[in-house]
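Here is the structure we will look at.
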Amino acid sequence: MSIAPRRPLVLVLLALVAIVAYLPALRQPFIEDDYPNLALAAHFSEESHWSDLPSSAPFRLRATSEFLMAGLYLVFDVHAAPFYAAGILLHVLNTWLVFALGAWRRIGFGVSAWAALFFAAAEGHQEAVMWISAASELLLFFFGAGALLAWILFLQTSRYKWLLAAIAAFALALVSKESAPVLLALMLLPLLDYRDKWRWLLPFAALAVAAVCSVFFTADDSFRLRDGSFSLRAPFWITLPRSFAAEFWIWGWLAAAALAFWRKREMLWIGSLWTALALAPYSFLTYSTRIPSRQTYLASAGAALVVGAALYALAHKQRLLAPAAAAILVLENAGYLWTRKHSQYMKRAEPTEQLIALSRSTSRPIYVKCFPRPRIVAEQAVWLMTSRPPGELIWDGREASPTTPVFCYRER
């Protein structure tokens, strides 16, 4: 069953599913870390501060997301909807890249079309799309999957333009997220079919090593190695299998069982290995034994390939049953995003929204008595949304007068 004549139609369908599934995000305000991250992007957007980014250990390997936020800030100021729209657009492009992975002959466009459909609406990686501060995950996927696709095309055609494109995209992926070197492991998967071309992986390995050294040689200046995000003492032997199991729940496990039963195990091991490799860098958490959903975005493409392979196999056995099953998957995931997940993000935004509302209603300094977020979130939220300096928030009750307005977050 060839999908080639219908590719434009498939791309339109995938875009519609991705947009509709994540449409509720457009109604969300900025959330938590969005405010200090937006303030930082505003700082880097000033010409006099351009040189600060390469010298900043915590942020130079997230340069693409800083540029994205700075650009959006310069054009749209502090209106949240365009920021969320940019995230949804990136998700659409990433969905198309999952479909484009069908260029790898082991996958094929029949499998990748079904996989991309599931990926478009999947709720398991929702934080990457529904939280502006997680845009680095979207950009890592965009450049990383782009590099992998170009690498596959180089292996299959030996055309050097694809090798150069792969190196360029890989370099951009490395300045999108600290975990990007894991892409090197994913590039080994298609290389198994072209073992005589191993040497062409050396430029990617050199870039990956440089990125890793950049992180660890500046460890003292990077809070990301001190906030529990990565530690070799973390119980990764618990976190990785637990997060892998959650990533496949529930549709991935059903698809895996179907593929095993039908003896179509090739895509099962490819998708499973992809998922495990992509989760590995995030498995060294010290504050949790479950990887946050935003950090499963790259890994979820592996689970999507397993689901896609099962739907493709089902389409050959029961032609009408596969679209019905896919519709159920999309509706279940999108429904969860529209209801429970959207309400959770609105809840996360409540503390800052209440503080901003009070700040707009008074010109007096505000005594912040109880605020369930870091102090910097409150200060940057008030500064960005009301132009009031951080000094107008009082954190010590002894400095407040009897007439000072008092803020204390009240959960609704």
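The values are calculated or read from the model by the stated rules, or taken from the named source; none is laboratory data. Everything quoted here is computed from the prediction, not taken from an experiment. Using ideal geometry, Cβ is built from the backbone for each residue, glycine included, and neighbour counts are taken over all protein chains shown.
Taken over region 255-267, residues that are farther than 17 Å from Gly108 by Cβ and surrounded by 16 or more Cβ atoms within 10 Å (Cβ to Cβ) amount to 2. Regarding region 311-327, can at least one residue be identified that is crowded, with 19+ Cβ neighbours inside 10 Å, touching a residue at least 24 places away in the same chain (Cβ under 8 Å) and within 24 Å of Phe142 (Cβ to Cβ)? The answer is no, given that none of the residues of region 311-327 is crowded, with 19+ Cβ neighbours inside 10 Å, touching a residue at least 24 places away in the same chain (Cβ under 8 Å) and within 24 Å of Phe142 (Cβ to Cβ). Ala85 passes every criterion in (1) in contact with a helix residue (DSSP H, G or I) (Cβ under 6 Å, 6 or more places away or on another chain); (2) of a type outside the set (Phe, Trp, Tyr); (3) touching a residue at least 40 places away in the same chain (Cβ under 8 Å) apart from (1). Only one of the numbered conditions (1) under 25 Å from Leu148 (Cβ atoms); (2) in contact (Cβ under 8 Å) with a residue 24 or more places away in the chain; (3) surrounded by fewer than 22 Cβ atoms within 10 Å (Cβ to Cβ) is violated by Pro235, and that is (1).
With the requirement that a residue be polar (S, T, N, Q) and either assigned to a loop (DSSP other than H, G, I, E, B) or touching a His at 6+ places or on another chain (Cβ under 9 Å) (or both), what does region 228-272 give you?
Here is the first cut: in region 228-272, the residues polar (S, T, N, Q) are 229, 231, 239, 243, 272.
Answer for region 228-272, where residues must be polar (S, T, N, Q) and either assigned to a loop (DSSP other than H, G, I, E, B) or touching a His at 6+ places or on another chain (Cβ under 9 Å) (or both): Ser229, Ser231.
Condition (residue is closer than 21 Å to Pro181 by Cβ and part of a helix (DSSP H, G or I)) applied to region 301-324: is it met by at least one residue? There is at least one residue in region 301-324 that is closer than 21 Å to Pro181 by Cβ and part of a helix (DSSP H, G or I).
Taking only pairs six or more apart or across chains, which ones have beta-carbon atoms under 8 Å, a first residue in region 159-181 that is in the same structural domain as Phe142 (by TED's automatic domain parsing), and a second residue that is of a type in the set (Asp, Glu)? Matching pairs, first to second residue: Lys177/Glu137.
Under the condition of being without any contact (Cβ under 8 Å) to a residue 40 or more places away in the chain and surrounded by 15 or more Cβ atoms within 10 Å (Cβ to Cβ), the residues counted in region 396-407 number 1. Taking the criterion of being among the aliphatic types (A, V, I, L, M) and under 12 Å from Asn94 (Cα atoms), the residues of region 129-146 that qualify are Val129, Leu138, Leu139, Leu140, Ala145.
I'm checking my understanding of the structure. Among residues of region 356-395 that are of a type in the set (Val, Ile, Thr) and touching a residue at least 60 places away in the same chain (Cβ under 8 Å), which one is nearest to Ser133 (Cα to Cα)? Even if it seems obvious, please write down each step before you answer.
Initial filter on region 356-395 (of a type in the set (Val, Ile, Thr)): 356, 362, 366, 368, 376-377, 382, 386, 394.
With touching a residue at least 60 places away in the same chain (Cβ under 8 Å) added as a condition, the list becomes 376-377.
Values: Ile376: 15, Val377: 13 Å.
By that ranking, first place goes to Val377.
Once region 47-104 is narrowed to residues that are of a type in the set (S, T, N, Q) and crowded, with 16+ Cβ neighbours inside 10 Å, the residue that is farthest from Tyr297 (Cα to Cα) is Ser56.
Filtered by the rule that a residue be within 23 Å of Phe141 (Cβ to Cβ), in contact (Cβ under 8 Å) with a residue 60 or more places away in the chain and out of contact with any Ser or Thr (no Cβ under 6 Å at 6 or more places or on another chain), region 257-281 gives Met267, Ile270, Leu273, Trp274, Leu277, Ala278, Ala280.
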